[in-house]
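Please read the structure below before turning to the comments.
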Amino acid sequence: YQVKLRGLDVSGTSVVQVTATDADDPSYGNSARVIYSILQGQPYFSVEPETGIIRTALPNMNRENREQYQVVIQAKDMGGQMGGLSGTTTVNITLTDVNDNPPRFPQSTIHLRIPESSPVGTAIGSVKATDADTGKNAEVEYRIVDGDGTDMFDIVTQKDTQEGIITVRKPLDYETRRLYTLKVEAENTHVDPRFYYLGPFKDTTIVKISVEDVDEPPVFSRSSYLFEVHEDIELGTIIGTVMARDPDSASSPIRFSLDRHTDLDRIFNIHSGNGSIYTSKPLDREISQWHNLSVIAAEINNPKDTTRVPVYVRILDVNDNAPQFAVFYDTFVCENARAGQLIQTISAVDKDDPLGGQKFFFSLAAVNPNFTVQDNEDNTARILTRRNGFSRHEISTYLLPVVISDNDYPIQSSTGTLTIRVCACDSRGNMQSCNAEALLLPAGLSTGALVAILLCIIILLVIVVLFAALKRQRKKEPLILSKEDIRDNIVSYNDEGGGEEDTQAFDIGTLRNPAAIEDKKLRRDIIPETLFVPRRTPSAPDNTDVRDFINQRLKEHDTDPSAPPYDSLATYAYEGNDSIAESLSSLESGTTEGDQNYDYLREWGPRFNKLAEMYGGGESDKDTS
């Protein structure tokens, strides 16, 4: 048998009935009469001999003390007398739980700690009351019933763990309060009325919460600032002041600065010590009406702890702009116009924004005999003619200065000039033509003819340009026809020659026979960068010395302003007369075995000192050796 019994029942409570059967004939004496007795399970249970009903033998059986019981029942025939046959059965009895135990806190006082910088909703710690019951009988609800921190903290019951989680309800401040005391209560949610007499099914404990100090960033006096200032204030004027303090007990000094990402034009600046914001550039409401700044406050002792606050600067309007025409007006008057005829309606705009709204006045800068202006008193005006008839052949354009002023303080005004063209119109006043020259064109020359003439002119210009380009290209082609074709022009070849042994670039025979020069031939071995027009020079007589010929050409190039300033090295293979100092060749000197005296080199001047030192030193070394 498997039996469940609810605990705390009174003594004699029926648990279960067991029944035994006997196959003997019940009418034959006591052979089939069965008597029940308990062999195991005393003193907790008893059994009725005749019926086999098992009952509790003790009152207030407690599941928390013992939950499982095993009862052995014997059934014996012959009325239980000696000689009767018997059989046994086992009954397993389980006591089920009832809510007969209240929750209990293991500690009367619980201590918790939390930093003051913990945000709202942070879990500080947990409390837990134990309950000897099980299941729903052990379910507990936690609440804060008393204490000086009831408005600063909350407690939430965790269903799966049956714990009470204490959380932060409001921001904490170590400098304001460092210790809070809470009275927390734990109560069963399912209470059996039959066990009220056992006492209240709840318990309380004291929770003490210590707030720990944290180095906090500065705190501004406001969450945001709004300053209003007129746009015409002087540079350096203070527009407002922000205030911040160190909330820590040390009360460190504060340094203020502007986030330059919010003031890229550096229009404002801030005093780092007292937080005064002042202007560093002129203000203009018409450019920017609002400036959204961000001010940074940092502790001097700990610059990493910073706080930002938005600062909104509103620029108030000052009447510093003059009104002007709203649009550009293309105005004309018909030649057949009458006096008082409307030719244009004008309006104005102003960048300023006065509180009372815009109000403009229109007038002429001077009395005009041809036109007048009539103010409509609704920020518009009409331009009217003052006489009959206009002639575009006499005057094709009139300039009419119109003065526009506002009514704010100080009054601002400007002069706008209307350009009025005189045009030919039909009877309805529709413009037909405004050019006086149009009447002078031949009557038979149409617009198509004018377009055709213009195209022909363009084609001719294109042909001329192409012809000139081709001609210039031909001039750039080299005209070198013969190896002996030599010019005495100075040109830049932009390369290095082969030295004294390179005689391929020039014809030596030409130098010895100047009359052999041909005037219209160019070099053909190298294409020069610039071609010059060859100059006609008189040929030297056949008996002219080569030296005179070279000097003559040199003089011509020196006096020619059109000759290029390039340097050209030419080898003529002509030595000329003997030098006064005779030969200075070291090769020739080496062929002689006798000693030579070079002291005469010092007499030639400072330019030959180096050479004299070289050869003079050589003699000294030789003598020494």
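Exposure check, 1.4 Å probe, all protein chains in place: K555 carries approximately 140 Å² of accessible surface.
At full extension, R547 and T19 could sit 173.7 nm farther apart than now, given 0.36 nm per residue minus the alpha carbon distance. Hey, with R₀ at 35 Å, roughly what FRET efficiency would A132 and E212 work out to, going by the Cβ-Cβ distance, to 0.05? Between A132 and E212 the formula returns 0.40. T307 sits among other residues whose Cβ lies under 11 Å from its own Cβ, and their net charge, with Lys and Arg +1 and Asp and Glu -1, is -2.
Heavy atoms of the protein chains alone define the surface here; on that basis the stretch 109-212 has 52 Å² accessible area per residue at 1.4 Å probe size. Ordered by solvent-accessible area of protein heavy atoms (1.4 Å probe), largest first, the residues Y142, Y398, Y1 come out as Y1, Y398, Y142. Given a 1.4 Å probe and the protein chains as shown, H393 ends up with an accessible area of around 110 Å². Full extension of the segment from F195 to D560, taken as 0.36 nm per residue of separation minus the current Cα-Cα distance, would add 117.7 nm.
Taking Lys and Arg as +1 and Asp and Glu as -1, the other residues whose beta-carbon sits under 11 Å from that of G340 total +4.
For the pair R222 and L342, what calculated FRET efficiency results from E = 1/(1 + (r/R0)^6), where r is the Cβ-Cβ distance and R0 = 56 Å, to the nearest 0.05?
Calculated transfer efficiency: 0.40.
If I model a spin label as a point 7 Å beyond the Cα along the Cα-Cβ vector, how far apart are those points for D232 and S414 in nm? A separation of 1.8 nm, rounded to one decimal place. On the basis of the beta-carbon distance and an R0 of 30 Å, N430 and V451 show a calculated FRET efficiency of 0.70. For the stretch 19-157, the relative contact order is 17 percent, taking Cα pairs closer than 8 Å that sit 6 or more residues apart in sequence and dividing their mean separation by the residue count. Among residues other than E175 with Cβ under 11 Å from its Cβ, the summed charge is -3 (Lys and Arg +1, Asp and Glu -1). Counting protein heavy atoms only, the stretch 324-433 has 48 percent of its accessible area on carbon and sulfur, 1.4 angstrom probe. Restriction of the trypsin sites (Lys or Arg not before Pro) in the stretch 1-105 to DSSP coil positions whose beta-carbon has at most 15 other beta-carbons within 10 angstrom yields R66.
Fully extending the segment from S117 to L58 would add 15.2 nm, taking 0.36 nm per residue of separation and subtracting the current Cα-Cα distance. Of the cross-linked pairs K136/K202; K281/K359; K128/K183; K128/K170, those separated by over 20 Å at the C-alpha level are K281/K359; K128/K170.
The values are calculated or read from the model by the stated rules, or taken from the named source; none is laboratory data. Fair warning: this is a prediction, and the values are worked out from it, not measured in the lab. Quick reminder, even Gly has a Cβ in these numbers, built from the backbone with ideal geometry, and neighbours come from all protein chains shown. These area figures cover heavy atoms from the full protein model, side chains too; ligands, DNA and RNA do not enter into them. Shrake-Rupley method; radii C 1.70, N 1.55, O 1.52, S 1.80 Å.
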